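What follows is one structure encoded as structure tokens, with my remarks underneath.
No lab work stands behind these numbers, since they all come straight from the coordinates. All values reported here derive from a predicted model rather than from experimental measurement. In this analysis, Cβ positions are derived from the backbone assuming ideal geometry, glycine residues included, and neighbour counts consider all displayed protein chains.
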Amino acid sequence: MKVSVTDRIRKIVEECVELGETVKVTDPVAFRGDTIDCLVHTAVFGDSPEDRGSARWVIKSAGVDLGVYSASIQGLYEAMGRGEAGGYSVPAINIRGMTYDVAASIFRTAIKNDSGTFIFEIAKSEIAYTYQRPAEYTVVILAAAIKTAYKGPVFIQGDHFQVNAKKHKDDPAKEVQGVRDLISEAVKAGFYNIDIDTSTLVDLSKGSLSEQQRLNYEVGAELTLHVRTHEPSGITVSVGGEIGEVGEKNSTVEELVAYMEGYNAAMNGKGVGISKVSVQTGTSHGGVPLPDGSVAEVALDFDTLEKLSKTAKEMFGLSGAVQHGASTLPDELFHRFPETGTSEIHLATGFQNMIYDSSHLPSDLRDKVYAGLNEQFASERSEGQTDEQFIYKVRKKGFGLAKREFWELPETAKNGICGELEGKFDFLFKKLGVAGNKGDVEKYITHVPAPVSLEEEIDGA
């Protein structure tokens, strides 16, 4: 029996869309108004899989018609590795809450700055505690692009698809299979950029650098090949590797070389390898909260970062090194990343902090979230931790606890918060050098929208 769009979704789009085997947007202005708002809300909170899936199919199909589609950044990163493109550091932004509105703020910033190189990402851990599975995250990001009249490829990334070291030691096959399953789900959903994190398996007790990195590059190669078996025809998913766990000791050029030589040998020409490598140079995810809730200063080693990026490009043809845990760094440091050849920089907690600390966020919602965190996550409080430190460390999970409340904030609150975020995005896009680079995306990213299946969207909803 042929699957069809539900009557509810037909009614939402009837005045501005023609529905058939594909979607034709007959009135883009009307579609970008209340129609897309209603569709994306249904795609997330709809009462049934049929309504949610139908809404997702319409959004993704309409996006293709309007020039918006999920894409891989692989072609551009290959050009950066050849020295044909660059001079900027690509911001990869994790959105934990208010995803539709925050993404729209990023697209507006990109349009204002004629930027093409920016990534929306969500980590394995964030998928769990923010209640955003890949299929939902993709469609919300694409809906935000449609809302703002952005056109072009949209880069959506799985961040820190990580192997847990303790679980891997107890049952290697089971732990790796869990990451394989997440990769399969994510690529199917339109995550055409995947950061594989097996750096947790590095064993510094081993005698040689190659032995220290062995599990990292062997499991990393295995998971890369798994990505290759699931990517759509005509799309090469951009895959990232990692040599040093964020928050641990700083990476070295020698470790990078040992990892890459082992990784390339493990790949043995069986498929396209990684396009970038994440390193540790002194940051930690979210920053280190002090007793009063403020964040400690970070001593970031830009000299090491520059050497690692240079080695990654010149010896292995990668786009460069990737910096994690950067969103809470002082503003005066961001111009250094493009200067050191850093190809990508990951940004998350700083934006979360802006949302929670904004005067536009209703205080009753903030109080409700904090009370819920104290009730549900008390077991995560460390000995001697102040209330401020505890809330700072766990409030990321509040976006899941109050997901719908954040989505449905009053327009005045959303506009105020997003106005503050846009100011920060604009600053970062300029400092990271991505203003005015949309031409590089047009030159190096091949237009290959993947097919959109109504049946699969309903099945995944």
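Values as computed for the structure displayed
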read-out	value
Long-range HN-HN contacts of ILE119 with modeled amide H, under 5 Å	ALA92, ILE93
Beta bridges per DSSP with both ends in the chain, % antiparallel, nearest 5	10
Those trypsin sites (Lys or Arg not before Pro) in region 27-121 that DSSP places in a loop and that have at most 13 other beta carbons within 10 Å	ARG82
Interchain or long-range residues, amide H under 5 Å from ILE194's placed H	GLY158, SER238, VAL239, GLY240
Dipole in debye (nearest 20) - region 7-66, about Cα centre, beta carbon charges: Lys, Arg +1; Asp, Glu -1	180
Anchor LYS430: lysines whose Cα lies under 17 Å away (excluding residues fewer than 8 positions away in-chain)	LYS112, LYS438
Karplus 3J(HN,Hα) series, Hz, for region 253-258 with 6.51 cos²θ - 1.76 cosθ + 1.60 (x for Gly, Pro)	4, 4, 5, 4, 5, 4
Point-to-point label distance, LYS206-ALA173, nm (Cα→Cβ direction, 7 Å offset)	2.2
Segment SER48-ARG82, length gained on full extension (0.36 nm per residue, minus Cα span)	7.4 nm
Stretch gain in nm, segment LYS443-LYS166, where the contour uses 0.36 nm per residue and the Cα spacing is subtracted	95.3 nm
Karplus 3J(HN,Hα) series, Hz, for region 98-109 with 6.51 cos²θ - 1.76 cosθ + 1.60 (x for Gly, Pro)	6, 4, 4, 6, 5, 4, 4, 5, 5, 5, 4, 5
Cut-off under 5 Å, modelled amide H: who pairs with GLN162 long-range	LYS124, ASP197
For LYS307, net neighbour charge (Lys/Arg +1, Asp/Glu -1) across residues whose Cβ lies under 15 Å away	-4
Largest-first principal axis extents, alpha carbons of region 7-66, Å	27, 24, 18
Vicinal HN-Hα couplings computed from phi for region 194-199 (Karplus, 6.51 cos²θ - 1.76 cosθ + 1.60; Hz; Gly/Pro x)	10, 9, 8, 10, 10, 5
Region 328-381 versus region 1-58: alpha-carbon centroid distance in Å	33
